[in-house]
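Derivation of every value follows stated rules applied to the coordinates shown; laboratory data play no part. Computed from a predicted model, the values in this text were never measured in an experiment. Cβ sites come from the backbone with ideal geometry, for glycine too, and all protein chains shown count toward neighbours.
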Amino acid sequence: MEFAEKLGADSAAMTDADSLTLRDHGFTDREIVDIALVAAVRNYYSRALHALGVQVDVASGLSEPLRSALLNER
């Protein structure tokens with residue numbers, strides 16, 4: 001989650017160290033690419049929804065932490 005948060009907040013500050021941290025947690029290079037792409041797409045999608053003022057439908061049955069993370073509630 002820290003990787004995704006940093007990507008969303010300040011992607012220009014990302015370095016090889018961020019990817020190495022994921023590798024240290026056991027992720028493969030392919031998985032790291034997947035994580036980066038999914039986080040980037042989610043960031044893009046969220047910004048587009050915010051720009052258009054669209055309310056997000058949230059699936060029922062999500063845990064409160066996941067629901068809050070998806071809705072960016074803090």
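The table below lists the values:
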quantity: Candidates A17, A36, A59, ranked by Gaussian network fluctuation over the chain, Cα under 10 Å, top entry; calculated: A59
quantity: Theoretical FRET efficiency, 1/(1+(r/R0)^6), r = Cβ-Cβ of R67 and M14, R0 22 Å, to 0.05; calculated: 0.25
quantity: Net charge of Cβ neighbours under 15 Å - reference I35; Lys, Arg +1; Asp, Glu -1; calculated: -4
quantity: Zone of E2's modelled label, taken as backbone nitrogen in segment 14-35 under 16 Å from a point 7 Å along Cα→Cβ; calculated: 14-27
quantity: Convex hull (Cα only) mean projected area of the chain, reported in nm² to one decimal; calculated: 5.9
